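> Can you keep this structure in mind? I'll have questions shortly.
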């Protein structure tokens, strides 16, 4: 046997022992990792996803709840808590949310909160559709009667149709969740509203909870029926994870606020007027952007075209005030049209469960007052400039032969800068001169100069 073979023979057992030791250490480390992961998961406990849900019930709210309940199911969350505070909303979105809650595979808890909040109109349907319904102290629920946009009962066959449909819907929800059907029907038929103590006593809701910990404690151990079957909630050591609405949906909901829409449209229109009066691109771009955002919001609201046209006509009058001598009359008419247009910008909701959509009265007052102040300043400035112009004409003399340049194109009448002042001017031979063309004064008639191109200037014609 050669020397090399003897050496490999001696190394063989040692190498095998080394590999065996390495394998055992690797297995121990892997096992320890699995034990740590399991203990960490056990320490974390079950997850409860909290969804803050406030404002008018609309399409954005319906999508927010549907998306996050689906995510909760994928994450195998123990429960979803919808923290609800709403005055109501449109019927289509309400039906979508109710369907999402009834078909959810994860237990749904609706918690009417915070203190002082309420689940009115459409919010009543959503609350009753939950597996477990709780209310914070000082909250209320009910007042789910369908009414007209003026707040009166819907008369005739249409009224009976809408009322009976709403009663049938809320009865079905209450029966499915084992709640007080008589109370649910009275909330629709008689617009009944109950504080938390009465709602709990009449079994409209399941209990009262002041904090999210109390909500979790109340639901722990309860058995509920989901789309996946009967589930017993095991929430010992549960952690609450709040999932807010994503920025895009929040922005869309912000644009659907009638007051925000009114501010964007009026401010954007003023920006466009400023761009027309004094081109600088900044006010024009910002004004156009604001109007586009306002139009997006108008698409989600019950727009009254007449109100929008009044606002547009008011802005046209403001623009004319800048160019026509009216001593403020056109501007005053614009203020009146603006105020009337903002007041009538939205019609009553088509949906009987949807709350009224109106621009806040204080905002209308502020916008109108601001517009009136601007008109007053424009009128005052126009009158003052005319007085100053008369004074200048009486004591400032522009000599024949004075030079200057065209300020507003002469075609053939426009304005020029001469002797440090702006003057009305015309060309002697009727030709047109572009802005910036050097000129020479050949005649003075009151406040109007007759000019010709300055041939001595390097820029002259």
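Laboratory data are not the source of any read-out in this text; all were calculated from the coordinates shown. This one's a predicted model, so the numbers in the text were calculated from it and none came from an experiment. Here the Cβ is made from the backbone with ideal geometry for all residues, glycine too, and neighbour counts use every protein chain on show.
> For a test of the definition: using alpha carbon positions, the gyration tensor, and the 1.5 limit on a/c, classify region 403-453 as rounded, prolate or oblate.
Rounded shape, in that the Cα axes give a/c under 1.5.
> Sort out for me the Cα centre separation of region 298-324 from region 229-262, rounded to whole Å.
36
> Would you mind giving the average projected area, over all directions, of the Cα convex hull of region 256-384 in nm² with one decimal?
7.5
> Taking region 43-248, how much of its Cα-Cα pair set, in percent, is spaced more than 21 angstrom apart?
49
> Can you grab the distance from the C-alpha centre of region 400-434 to the C-alpha centre of region 199-218, Å, no decimals?
Cα centres, region 400-434 to region 199-218: 81 Å.
> Given a Förster distance of 56 Å, report the FRET efficiency between residue 411 and residue 92 from their Cβ-Cβ distance, rounded to the nearest 0.05.
0.45
> Something else now. For the peptides 416-425, 398-407, 110-119, what is the packing order when you average, over each peptide's residues, the other Cβ atoms within 10 Å and list the highest mean first?
Order by mean packing, descending: 110-119, 416-425, 398-407.
> Moving to a separate point now. Provide the packing ranking of 279-287, 161-169, 306-314, i.e. peptides ordered by the mean count of other C-beta atoms within 10 Å per residue, highest first.
306-314, 161-169, 279-287
> For a protection proxy built on the mean count of beta-carbon atoms within 10 angstrom, sort 56-66, 267-277 highest first, please.
The peptides rank, most packed first, as 56-66, 267-277.
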